[in-house]
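Okay, so here's the structure we're looking at.
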Amino acid sequence: MPLSHYLAALLSGIGIGFTVAAPIGPMGMLCIQRTLASGMATGLATGFGAATVHLAYSAFAVLGLGSLAQPWVEANAAGFSIISALTLLWFAMRTHRGSISLEERGEIDKVRLTRAYLSAIALGFTNPLTVILFLAALHAFSTQAAAAPLVAGVFVGSAVWWMILSTIVATARSRLTPRMLSLSSRFASLMLLGLGTSILVRIAQRML
């Protein structure tokens, strides 16, 4: 296969990954809140957790599992939404009670970063927005013959977005006073609470 085909697949994957990651939904708000509360490293760990989910979904798609799973995902959309909403509410309550780290630590807190990464993966797999966006991108996956560059591109594109978002928020964070930083983090926590509540309300409206 010509090198141009591999490059085209890689660029296509980067575009898909960036497009799927960019909408500021539950994962975006979680990344913002964690960057405000704990610094850029925790925000990046959260973002890379989301990028890992995007990598997994794209791998499923190129293997042909996406189209097979689509009917099951659509049939269980309410269940995914409920799990996602409850996860968001849990994150909101936990972060609201948590403390704000005003300074980046010299030593990397591996436990904190691992928790941020794994919890982002848990939220990402149940995030209805991510599932919907990847189902919409199935056609793009099916038209590419070079699977490996495409999947790698999705991860790169998603990771680039999370690095941009974390950098922007961390830059703003460094200019905030302790009180403003605390209020900003609390506001982000309330946004997570609002997102989780709105998902539950929509589910209830559909069932009534």
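Miscellaneous remarks
- Simple spin-label estimate for ARG115 and ILE168 gives 2.8 nm between the two label positions (7 Å along the Cα-to-Cβ direction from each Cα).
- ARG94 paired with THR177, simple spin-label distance in nm, labels 7 Å along Cα-to-beta-carbon: 3.2 nm
Any read-out appearing in this document is the output of simple, stated calculations on the displayed coordinates, not a laboratory observation. If you're wondering where the values come from, they're calculated on a predicted model, not measured in any experiment. Backbone-built Cβ (ideal geometry, glycine too); neighbour counts: all protein chains shown.
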